[in-house]
Amino acid sequence: MAKIIELFNHKGGVSKTTTTFHIAWKLSQQNKKVLLVDGDPQCNLTGMFLGEAFDEYYENDSTKLMNIKDAVSMAFSGRPQPITAIDCPAHIKNSNLFIIPGHMDLSEYDSSLSLALNSNNAIVTLQNLPGAFYELIQKCCEKYGIEYVFIDMNPGLSAINQTFFIYADAFIVPTNPDPFSVMALKTLKKILPKWKKWAIQGRELFADSSYPLPVCDMKLIGVIIQRFNVRNHKAAQPYIGKIEEIKNCIEGDFSEELAKNDMIFDIDCLIQNGLITNRTLGEIPEFGALIQKANEAMLPVFALTKADMGTVGNVYDSMEEKRKLFDEIYDTIVKVIMELV
C-alpha cells in the first residue's frame with residue numbers, strides 16, 4: 001500500500017508547494033512511482049506540474065473533470081455512484097511522477113466536511129465524506145502502481161486540511177525564519193494531536209461507511225527551514241537567530257508534545273549513521289535565479305542542466321554550485337523518508 005506523506009504548516013509563505021514538488025521528484029528518481037495530490041484551491045502545484053498545458057487541461061472535455069473535486073463529487077452530492085480512479089496526468093519530463101490535479105472550488109466542500117467531522121456520524125448523509133478523498137487516492141494508487149503519495153494543502157486549519165492530515169503516514173513541517181514561524185509551531189503542537197485523537201475515534205464512528213477512514217500513524221519526520229538569504233555560504237546574520245529558535249522549538253516542546261501522542265519517528269539510528277544530526281532535515285536557502293530557470297523548464301532546481309540554465313562562465317559556475325547544494329539537501333531528505341516511511 002502506498003505511503004502518504006504531507007508537508008503541512010498552516011502558516012503561509014514557507015514554500016510548501018515548491019518543496020513538495022522537489023521532494024516528490026527526487027523520490028521518483030529512486031525508481032519509485034510517486035503521486036502528487038493538489039488539495040489547495042490555488043492549484044499552484046497543478047500549475048507547476050502541467051506548465052503551459054494548465055489552461056487546456058481544465059478546458060478540454062476529456063480532462064476537465066479529472067480533478068480532485070469532480071472525482072469525489074458523487075459522495076458530496078449523495079449520488080449512488082462509487083468513487084473510481086481518474087486518469088492522472090504523468091509529468092511530461094518524468095514518467096514516474098503523477099498528479100491528481102486540484103480545483104479552485106475545492107473549498108466548497110469545507111462546510112460539509114466540517115459538519116461530518118463534528119456530527120459524530122449522527123447525520124447519515126455525511127458519513128461517506130471524511131473517507132472520500134482517501135478512496136480516490138487509493139484507487140489512483142492501484143491504477144498506477146504508486147508507492148508514495150504527497151498531498152499539498154492550503155495554509156490553514158480548515159476541515160479539508162484536517163481530513164487530508166488524518167490520511168498521513170508521515171509529515172514534515174516546512175518553516176521559514178521569520179517571527180511567525182515559532183508561533184505557528186506552538187499552534188500546531190496543540191492542533192495536530194487533537195486531529196489524531198479525532199482520527200482514532202473517527203475510525204470507529206465511520207467504520208460502516210462506504211469509505212472508511214484509514215489507520216495511519218501521522219508521525220513527524222522533521223522540519224525543513226527555508227527561504228533565507230546566504231552570505232559566505234552561511235545563513236545571513238538576520239536569519240541565524242530565528243533558525244536556532246525554530247530548531248530549539250522542534251527539538252523541545254514541539255517534539256515532546258507529539259511524542260505524548262505517538263506522533264514522532266525515532267531518528268536515533270539516522271543520527272548514529274550520520275545521515276542527519278537532529279530533526280532539521282535541511283536548511284534550504286533562497287533559490288535565486290535558479291527558480292525562474294526551473295519554472296521555465298518545468299523541473300526542480302536540482303534537475304536543471306547547463307542548457308536549461310542558459311549561462312556560461314562565472315555565472316554558470318555559481319548557478320551550478322548552488323544546484324549541487326540543493327541536490328545534496330534534497331537527496332538527504334529523501335534518504336530520511338525512505339528509511340523511516
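The values are calculated or read from the model by the stated rules, or taken from the named source; none is laboratory data. No experiment lies behind these values; they were computed from the predicted model shown. Note: ideal-geometry Cβ built from the backbone for every residue, glycine included; neighbour counts use all protein chains shown.
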- Number of positions in region 154-184 that are farther than 28 Å from Glu108 by Cα, in a helix (DSSP H, G or I) and touching a Gly at 6+ places or on another chain (Cβ under 7 Å): 0
- Query: Quick one: what pairs do we get from region 119-133, first residue within 19 Å of Cys216 (Cα to Cα), second in a loop (DSSP other than H, G, I, E, B) and basic (Lys, Arg), C-beta under 9 Å, 6+ apart or different chains?
  - Reply: none
- Picked from region 121-153 (must be of a type in the set (Phe, Trp, Tyr) and under 16 Å from the mean Cα position of the chain (by Cα)), the residue farthest from Tyr109 (Cα to Cα) is Tyr148
- Item | When residues of region 67-83 are limited to those that are without any contact (Cβ under 8 Å) to a residue 12 or more places away in the chain and not charged (D, E, K, R), the one surrounded by the fewest Cβ atoms within 10 Å (Cβ to Cβ) | Pro80
- Within region 300-310, can you find the residues that are surrounded by 15 or more Cβ atoms within 10 Å (Cβ to Cβ), free of Cβ contacts under 8 Å to residues at least 40 places away in the same chain and either hydroxyl-bearing (Ser, Thr, Tyr) or outside any helix (DSSP H, G or I) (or both)? Leu304
- Query: If a residue has to be out of contact with any strand residue (DSSP E or B) (no Cβ under 6 Å at 6 or more places or on another chain) and not hydroxyl-bearing (Ser, Thr, Tyr) to count, how many in region 217-270 make the cut?
  - Reply: 35
- From the set of residues in region 256-299 that are of a type in the set (Gly, Ala, Ser) and buried (at least 19 other Cβ atoms within 10 Å of the Cβ), which is farthest from the chain's Cα centre (by Cα)? Ala294
- Query: Looking at this structure, is Tyr239 crowded, with 21+ Cβ neighbours inside 10 Å and part of a loop (DSSP other than H, G, I, E, B)?
  - Reply: no
- Inside region 190-222, the number of residues satisfying the requirement of being more than 20 Å from Asn120 (Cβ to Cβ), surrounded by 18 or more Cβ atoms within 10 Å (Cβ to Cβ) and out of contact with any Gly (no Cβ under 9 Å at 6 or more places or on another chain) is 6
- Message: Filter region 5-35 down to the residues that are within 21 Å of Thr175 (Cβ to Cβ) and either part of a strand (DSSP E or B) or among the charged types (D, E, K, R) (or both) and list them by number.
- Response: Ile5, Glu6, Leu7, Lys11, Lys16, Lys26
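For every residue, the table says whether it meets (1) over 20 Å from the mean Cα position of the chain (by Cα); (2) in a helix (DSSP H, G or I); (3) farther than 25 Å from Asn278 by Cα.
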site: Asn314; (1), (2), (3): yes, yes, yes
site: Arg323; (1), (2), (3): yes, yes, no
site: Asp327; (1), (2), (3): no, yes, no
site: Tyr330; (1), (2), (3): no, yes, no
site: Met338; (1), (2), (3): no, yes, no
- From the option list Ile4, Ile86, Ile92, single residue qualifying as crowded, with 18+ Cβ neighbours inside 10 Å and closer than 22 Å to Met298 by Cβ is Ile86
- Which one of Glu257, Glu296 is farther than 21 Å from Val173 by Cβ, among the acidic types (Asp, Glu) and assigned to a helix (DSSP H, G or I)? Glu296
- Note on the structure: Turns out the helices (runs of 4 or more DSSP H) fully within region 52-125 with at least 2 residues that are touching a helix residue (DSSP H, G or I) at 6+ places or on another chain (Cβ under 9 Å) and at pLDDT below 95 are 110-118
- What number of residues in region 212-232 are in contact with a Leu (Cβ under 9 Å, 6 or more places away or on another chain) and part of a loop (DSSP other than H, G, I, E, B)? 2
